[in-house]
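The values are calculated or read from the model by the stated rules, or taken from the named source; none is laboratory data. This structure is a prediction, so every number in the text was calculated from the model and none was measured. Positions of Cβ are backbone-derived with ideal geometry, glycine not excepted, and every protein chain shown enters the neighbour counts.
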Amino acid sequence: MTTVAVAVTDGTLLFELAAACEVFGVDRELATPWYTLTVCGEDGALVGGWLTAGIRHDLHALAAAHTVIVPSIRDLDAPPPALVDAVRAAHAAGARVASLCTGAFVLAAAGLLDGRRATTHWAHTALLQERHPAVRVDPDVLYIDEGDVLTSAGKAAGMDLCLHLVRADHGTAVANALARSLVVPPHRPGGQAQFIPAAISHGRDHVLATLLPWALDRLDRPLGVTDLARQAGMSTRNLARHFHAVTGESPLRWLLTQRVRRAQELLETTGLTVEQIATRTGMGTATTLRRHFAHQLGVPPDTYRRTFRP
């Protein structure tokens, strides 16, 4: 897997393109042979909204590469048809194809993700699933390796995927040495769920509009379905029906989600211990908090705090 081609079209975003070029286009003498990088695309393409690219190889050259990298694109509604066709042809010719961030929309349009797990930036996973129902979109991971087709989440996750490709081709020692040279972690724990902002508002125009804020003010208490139903003045069965309609979750699942989100806020903004946060979020014990936190976000509370509260 020594030849790598990066696809560039008008509207390619700069961050992910630069990450791929830095990993595969600079020989740091970590392994022999290193990669030969070719940038393919439209001459004069506007990259990042302001950088004009001078390119000597058109998109047809993608088919000659062992690995094709598709960086993020700006227009998700209309992936460039020429790029879609070229990526499809490269894969048919035997290339390993990897997308960075919203480049997944190009792979999906080419039909390469049908029946496969895939991911993209968390802000666009729902759109990817809506546009391409045959794709099994996973919004929680940093990247997914399906063998000859790989996808990554947003922005910095593109670097994670590039390092993963190096690790697959040259081994862990080489990937770790490259990561040290780039001053990035060789492998980040957890997935992108830990980076998704906590959105707890469900609007004001529904039957639970007063109940949800009431519950959020009492997350430190051992609330249950009976407590919520009593406060709402309805049966537990009726409550469950309304909860699913408004939040998409059961009452207990919604409560647990809010407790974890409150724990995120406290880990980011306070110096409280995990035990104290467990009490303030109604989790009871640090062990319970750690279990539910890691299950929802993919990392334990201590790791999350180190990431978001240096």
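In region 219-229, how many residues are closer than 20 Å to GLU265 by Cβ and free of Cβ contacts under 8 Å to residues at least 60 places away in the same chain?
Within region 219-229, residues that are closer than 20 Å to GLU265 by Cβ and free of Cβ contacts under 8 Å to residues at least 60 places away in the same chain number 1.
Among the residues that make up region 14-23, is at least one of them in contact with a strand residue (DSSP E or B) (Cβ under 8 Å, 6 or more places away or on another chain), of a type outside the set (A, V, I, L, M, F, W, C) and in the same structural domain as LEU165 (by TED's automatic domain parsing)? It would help to see each step written out before you state the result.
As a first pass, look at region 14-23 and keep what is in contact with a strand residue (DSSP E or B) (Cβ under 8 Å, 6 or more places away or on another chain): 14, 17, 20-21.
Okay, now just the ones that are also of a type outside the set (A, V, I, L, M, F, W, C), so none.
So far as region 14-23 goes, no, none of its residues is in contact with a strand residue (DSSP E or B) (Cβ under 8 Å, 6 or more places away or on another chain), of a type outside the set (A, V, I, L, M, F, W, C) and in the same structural domain as LEU165 (by TED's automatic domain parsing).
Within region 26-40, is even one residue of a type outside the set (Phe, Trp, Tyr), part of a strand (DSSP E or B) and surrounded by fewer than 17 Cβ atoms within 10 Å (Cβ to Cβ)? Spell out the reasoning first.
Initially, region 26-40 is screened for residues of a type outside the set (Phe, Trp, Tyr), giving 26-33, 36-40.
When the remaining residues are screened for being part of a strand (DSSP E or B), the result is 36-40.
Remaining after also requiring surrounded by fewer than 17 Cβ atoms within 10 Å (Cβ to Cβ): 36.
Scanning region 26-40 turns up at least one residue that is of a type outside the set (Phe, Trp, Tyr), part of a strand (DSSP E or B) and surrounded by fewer than 17 Cβ atoms within 10 Å (Cβ to Cβ).
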